[in-house]
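Inspection log for the structure reproduced underneath, given as structure tokens.
The values are calculated or read from the model by the stated rules, or taken from the named source; none is laboratory data. As the structure is a prediction and not an experimental result, all values here were calculated from the model. Cβ placement follows ideal geometry from the backbone for every residue including glycine, while neighbour counts extend to all protein chains displayed.
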């Protein structure tokens, strides 16, 4: 697992230009933030901890025996905001962006500790390919 690349008010995404140089592109798009955070956590739960299911809630439920309750609550909060933003017609932004980002950062950090204790190598031996949006 690698280093996160973000700020509270903007997502930093590494892009590579044709000459091979990397640049950081900033965006304030809440949709991108929730989707990237969800993909990141889903990947950790599935690839490193053996989580199963369709989405973040299901993957978390499948491994909840090794996830402390406070961390489960953080991850469920993130999943709920993601689902509302994507599926509810009148929900257009993260109500408390700073809380969302901080919750993600704490969840990712705590999951890293759990992976160190219980984790496995992802299929194909790939590592450090988590979305790393923060």
Inset, instruction - Identify the single condition in (1) part of a loop (DSSP other than H, G, I, E, B); (2) farther than 17 Å from residue 37 by Cβ; (3) modelled with pLDDT under 90 that residue 124 does not satisfy, given that it satisfies every other one. - result: (1)
Legend entry - Residue tally, condition crowded, with 20+ Cβ neighbours inside 10 Å and over 13 Å from the mean Cα position of the chain (by Cα), over the stretch 50-62: 1
Inset, instruction - Return only the number of the condition from (1) in contact (Cβ under 8 Å) with a residue 40 or more places away in the chain; (2) surrounded by 15 or more Cβ atoms within 10 Å (Cβ to Cβ) that residue 98 does not satisfy. - result: (2)
